[in-house]
Amino acid sequence: MSVFPLLAEGFESALMACSLILLVPGAAVGLTARAAAIPAIASFAIGVLGLSWLRFSERGGDFSPLVIAVALMAATILLLVPLISRLDVAAVPAGLLAGGAAAELWRPCVGAEFGQLLNELPDRGLSGLGLLAIYLVGTLSPLIVLAALHHLVPDRILEKLEPAWSVVGGTALALLSLATALGFHDELVGKLFEWSVAV
């Protein structure tokens, strides 16, 4: 399987509505984590990769909506409530939880390359994990841009914007958790998928 077409397909998927179920919680984690946006987004990406690989390679995953909702709410609480005095430390488990939960909700738009990977993933072992990571670099590229922008914005501007960003991000995570707990996630993910294939 060729790496560059898979990566290109990942970038293409980042522009499709079906990827919003990954990108919105990822952005919310980054915004809520404030100064710890980079470790939060990196942990989110690792959570997405790990749970996606387990799920699509038929090695695990497939958690109930309640477990997914609890993971999203736990991530929100870790980022908003000062249970841990250092937000950069709390950002890592919060990102992992939110990333794993988002991966469980994700219904990817499948192109030729990713479709082939999904078919081969149960038999590929760790090489499949590497190929999935390449695809996700493209799909999650808007989060990489968000983390880079957060790092490049001057501190004096960040100090003014971060409190509002944190509220917006935390609210988005909490709403997704609530929607999942109430069973609205299937309809939401289905609509995103429909919008993607209709284009």
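The values are calculated or read from the model by the stated rules, or taken from the named source; none is laboratory data. Since the model is a prediction, treat every value here as computed from it, not as a measurement. Because the Cβ atoms are built from the backbone with ideal geometry, glycine has one as well, and the counts that use them run over all protein chains shown.
Things to note:
- Exclusive hit being of a type in the set (Gly, Ala, Ser) and touching a Leu at 6+ places or on another chain (Cβ under 7 Å), set Ala8, Ala45: Ala45
- With respect to (1) more than 13 Å from the chain's Cα centre (by Cα); (2) of a type outside the set (Asp, Glu); (3) farther than 26 Å from Pro122 by Cα; (4) buried (at least 17 other Cβ atoms within 10 Å of the Cβ), the lone exception for Phe56 is condition (3).
- Of residues in the range 158-194 being farther than 20 Å from Ala28 by Cβ and not charged (D, E, K, R), the one modelled with the lowest pLDDT: Phe193
- Yes/no for Glu9 being outside any loop (DSSP other than H, G, I, E, B), closer than 30 Å to Gly111 by Cα and of a type in the set (Asp, Glu): yes
- Checked against the criterion of being modelled with pLDDT of 95 or more, assigned to a helix (DSSP H, G or I) and of a type in the set (Val, Ile, Thr), the candidates Ile77, Ile46 yield just one match: Ile46.
- Residues that are among the polar types (S, T, N, Q) and either in contact with a Gly (Cβ under 9 Å, 6 or more places away or on another chain) or assigned to a helix (DSSP H, G or I) (or both) within the range 49-74 comprise Ser52, Ser57, listed in sequence order.
- Within the range 18-43, tally of residues that are in a helix (DSSP H, G or I), more than 17 Å from Ile134 (Cβ to Cβ) and either under 11 Å from the mean Cα position of the chain (by Cα) or among the aliphatic types (A, V, I, L, M) (or both): 18
- Count - residues of the range 109-134 that are under 30 Å from Arg34 (Cβ atoms) and crowded, with 21+ Cβ neighbours inside 10 Å: 1
- Residue list for the range 147-170, filter: in contact (Cβ under 8 Å) with a residue 40 or more places away in the chain and among the charged types (D, E, K, R): Glu162
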